[in-house]
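Following: one structure in structure tokens, then a few remarks.
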Amino acid sequence: MSRFEYAPAPESRAIVDIKSSYGLFVNGQFVEATDGKPFKTVSPSSEEVLAEISEAGPADVDKAVKAARKAFEKVWGPMSGRDRAKYLFRIARLIQERSRELAVLESLDNGKPIRESRDVDIPLVAAHFFYYAGWADKLEYAGVGEDPQPWGVAGQVIPWNFPMLMLAWKIAPALAAGNTVILKPAETTPLTALAFAEICQQADLPPGVVNIVTGAGRTGQTLVEHPDVDKVAFTGSTEVGRAIAKSVAGSDKAVTLELGGKAANIVFEDAPIDQTIEGIVNGIFFNQGHVCCAGSRLLVQESVYDEVLARLKRRMGTLRVGDPLDKNTDIGAINSAAQLARIRELSQIGEDEGAERWSPECELPAEGYWFPPTVFTGVSQAHRIAREEIFGPVLSVLTFRTPAEAVEKANNTPFGLSAGIWTDKGSRILWMANQLRAGVVWANTFNRFDPTSPFGGYKESGYGREGGRHGLEAYLAH
Amino acid sequence: MPTKAASDKPGTRLEVRKTYKLYIGGAFPRSESGRSYVVNNAKGKFLANASQASRKDARDAVVAARKAFGGWSGRTAYNRGQVLYRIAEVMEGRHEQFSSEVALSEGLSISKARAVVDASIDRWVWYAGWADKLAQVVGSSNPVAGPYFDFSLPEATGVVAVLAPQDSSLLGLTSVIAPAIVSGNTVVAVSSYERPLPAVTLGEVMATSDVPGGVVNILTGSASEVGPWLASHLDVNAIDLCGIEDPDEARDLEAASAENLKRVRRPAEEDWTESPGLSRLTQYLELKTVWHPIGL
């Protein structure tokens with residue numbers, strides 16, 4: 001197949017001004033860490049060191065919690081909902097004003113294509129703050145009683161796949177409900193959270209309402225286990241979520257967990273084929289497959305298997321893998337060397353267990369962390385690539401004959417975050433949606449997100465919802 | 001010519017006592033362990049030997065509850081509401097029996113015990129009415145910024161293990177089972193250890209109230225003994241720890257429950273006579289959001 005060549009169309013990185021080193025954001029100011037070791041954040045597409053980041057140790061986390069407690073008691077708690085709303089609206093506007101800069105920064109630090117950070121992540125970040133801003137003075141209508149109260153101090157730990165969007169999912173509802181927060185971004189993607197700290201300064205947000213402590217798992221653990229944290233919110237792996245659920249046992253802490261997934265994306269023989277192929281591609285290759293709700297298990301009805309696979313492979317051949325800052329790029333860099341190693345390992349296991357591996361021909365850059373879009377066929381339900389979250393651009397394909405078999409296979413997982421259905425038959429969509437044990441069901445679409453739309457899992461994909469009125473409820477004592 | 005036995009004289013008839021058994025999958029087995037324990041009344045006088053449920057009984061109950069889940073959660077909300085209302089009807093017919101058991105178990109006067117039974121029956125009625133209102137109250141239509149129809153509906157979490165209150169043997173038990181099953185969950189409940197008799201009778205009510213077998217399973221015995229097996233059971237989706245009085249024990253059960261991310265309700269001070277509110281009901285709900293494009 002001849003390939004239509006694009007000229008490079010790089011987004012300029014001149015718009016971002018990355019400092020050589022960053023402190024922690026505690027009580028409204030950037031401060032030096034007192035008991036942690038600094039670490040570096042690199043651009044996964046070039047392995048270039050972007051900045052040196054402070055690691056918050058126990059004393060730093062304690063300071064941040066104290067600042068948040070004081071702000072909760074003295075300022076943010078007593079403040080009228082109307083004024084909290086105005087601060088959040090301000091933040092939403094500041095994000096919109098600085099959106100291009102934030103998108104470039106996100107793509108640099110995370111490796112995701114600028115097309116996604118610019119058109120999906122950052123607009124959704126602003127939308128989340130805008131949505132929850134409007135709730136701040138309407139809490140009595142949130143459905144948790146006439147005089148709903150915040151939990152107090154929220155400790156929030158977020159992953160590296162949607163660094164700033166996950167920050168928004170956590171901070172916006174927490175502040176709207178009247179909590180103050182300490183947020184720990186992922187160690188590989190701290191830059192947009194630190195830019196957000198500047199935005200809090202620009203918004204004149206009272207000191208201590210938002211605190212950002214950078215670091216790795218140990219910092220996160222210190223934060224969620226801190227005795228003066230009232231509410232814990234975590235997005236990340238099921239393994240860490242389990243550890244958090246154990247560590248808060250016996251405490252009074254409220255917890256919400258948004259964990260892993262292994263979504264079935266189910267294609268029936270009457271599915272609109274062009275949209276379906278786009279949906280499959282979006283389902284697994286969006287954000288390099290670093291998506292907890294990724295459609296990583298494709299279930300295709302046997303009668304259309306050959307056609308779907310042929311078209312899917314053809315479409316995969318047109319995906320452009322490369323420079324995240326190039327506006328034509330479809331698939332960016334894998335976020336870290338560690339994640340790349342995991343994707344490689346599980347893919348190797350897929351081959352070893354007998355599944356057939358296929359990737360289109362594609363040139364990968366010499367520097368950085370890259371993995372080509374990959375599809376495995378001949379996958380059985382027992383294969384590890386059908387059971388474990390790979391969190392990369394790797395699709396496992398299984399087949400089914402009847403709707404009941406599709407449901408059985410789709411639900412045969414300890415996860416329950418999301419699922420996809422592709423069919424032209426309305427009654428079948430609704431029947432399938434009823435049967436699937438998953439918190440988000442996309443029918444004839446996939447990977448859609450909106451601040452008004454609750455998101456979260458069944459079973460081992462965690463508990464609690466983010467987004468919408470339900471997402472607000474997670475930050476109100478009840 | 002038949003002669004009149006001595007026991008036929010008025011007031012001298014020998015009572016037929018009941019064997020108090022477990023209620024699992026719609027049947028009344030004894031504990032597979034063959035164990036029973038002595039149940040005394042509030043004054044320490046012997047009432048009965050109750051079955052002492054074992055780990056195996058708990059596992060059998062989970063299997064029964066899982067088997068019943070698809071059918072029960074798949075029923076219409078209207079139908080589940082009717083079945084819960086039927087429970088209230090059948091309890092009403094056994095009012096005297098419940099009152100007497102509550103009075104003996106909890107050391108209440110018969111008039112106070114009757115008030116407890118009244119409240120328990122009324123609670124079933126209250127929850128029955130929730131079945132077909134829940135989705136409207138806790139669900140939503142979501143105005144997303146794009147051409148999509150997007151709605152969120154509550155669904156049952158699955159199998160819920162309930163370690164029932166130790167003090168309130170009927171009203172407390174009702175107040176922890178009803179909010180779980182009304183939305184389509186199925187339940188494995190461990191009754192009050194010292195006051196199990198109303199729980200056994202409630203099992204008999206379940207068996208005669210159109211509640212499908214396995215939807216409610218009632219084990220008598222020790223929550224401390226059976227609780228850990230339920231907390232660590234990977235086919236249990238949620239657990240209510242309200243019958244656990246020791247904080248360390250509650251912590252350990254919560255930690256064990258983390259293994260498969262069970263939804264955990266921690267023990268708390270409860271006044272079962274108060275209006276229950278929605279928090280127990282919503283504790284065992286999952287929210288499902290469905291998206292579909294709008295277009296020609």
Q) From the list B:Gly11, B:Gly74, which one is under 30 Å from A:Met432 (Cβ atoms) and surrounded by fewer than 17 Cβ atoms within 10 Å (Cβ to Cβ)? A) B:Gly74
Q: Check every one of the helices (runs of 4 or more DSSP H) wholly within segment B:92-202 and list those with 2 or more residues that are within 14 Å of chain A (Cβ to nearest Cβ) and closer than 21 Å to B:Glu286 by Cα.
A: B:134-138
Q | Failed item in (1) surrounded by fewer than 23 Cβ atoms within 10 Å (Cβ to Cβ); (2) in a helix (DSSP H, G or I); (3) hydroxyl-bearing (Ser, Thr, Tyr), with A:Thr318 passing the rest | A | (2)
**Q.** Residue check, A:Phe391 touching a Cys at 6+ places or on another chain (Cβ under 9 Å), of a type outside the set (Lys, Arg) and more than 12 Å from every other protein chain (Cβ to nearest Cβ)
**A.** yes
Q) What is the residue count in segment B:273-296 for residues that are β-branched (Val, Ile, Thr) and either free of Cβ contacts under 8 Å to residues at least 60 places away in the same chain or more than 8 Å from chain A (Cβ to nearest Cβ) (or both)? A) 3
Q.
Looking for something surrounded by fewer than 22 Cβ atoms within 10 Å (Cβ to Cβ), among the hydroxyl-bearing types (Ser, Thr, Tyr), under 16 Å from A:Leu298 (Cα atoms) and facing another protein chain (nearest Cβ under 9 Å) - is there at least one such residue anywhere in segment A:433-450?
A. yes
(Q) Condition first: at pLDDT 95 or above, of a type outside the set (Asp, Glu), buried (at least 19 other Cβ atoms within 10 Å of the Cβ) and touching a His at 6+ places or on another chain (Cβ under 8 Å). Can you find one or more residues in segment A:30-39 that meet it? (A) no
Q) Exactly one of (1) surrounded by 19 or more Cβ atoms within 10 Å (Cβ to Cβ); (2) away from every other protein chain (no Cβ under 11 Å); (3) among the aliphatic types (A, V, I, L, M) is unmet by A:Ala404. Its number? A) (1)
Q.
Quick check on A:Arg469: is it within 14 Å of B:Pro154 (Cβ to Cβ), at the interface with chain B (Cβ under 7 Å from one of its Cβ atoms) and in contact with a Gly (Cβ under 7 Å, 6 or more places away or on another chain)?
A. yes
Q: Could you please let me know if B:Glu101 is touching a Leu at 6+ places or on another chain (Cβ under 6 Å) and either modelled with pLDDT under 95 or among the charged types (D, E, K, R) (or both)?
A: yes
Q | Unmet requirement for A:Glu258, which otherwise passes all of (1) farther than 30 Å from A:Ser427 by Cβ; (2) more than 14 Å from chain B (Cβ to nearest Cβ); (3) under 22 Å from the mean Cα position of the chain (by Cα) | A | (2)
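The values are calculated or read from the model by the stated rules, or taken from the named source; none is laboratory data. Owing to the predicted nature of the structure, the values given are computational and were not obtained by experimental measurement. Here Cβ is always computed from backbone atoms with ideal geometry, including for glycine, and neighbour counts include all displayed protein chains.
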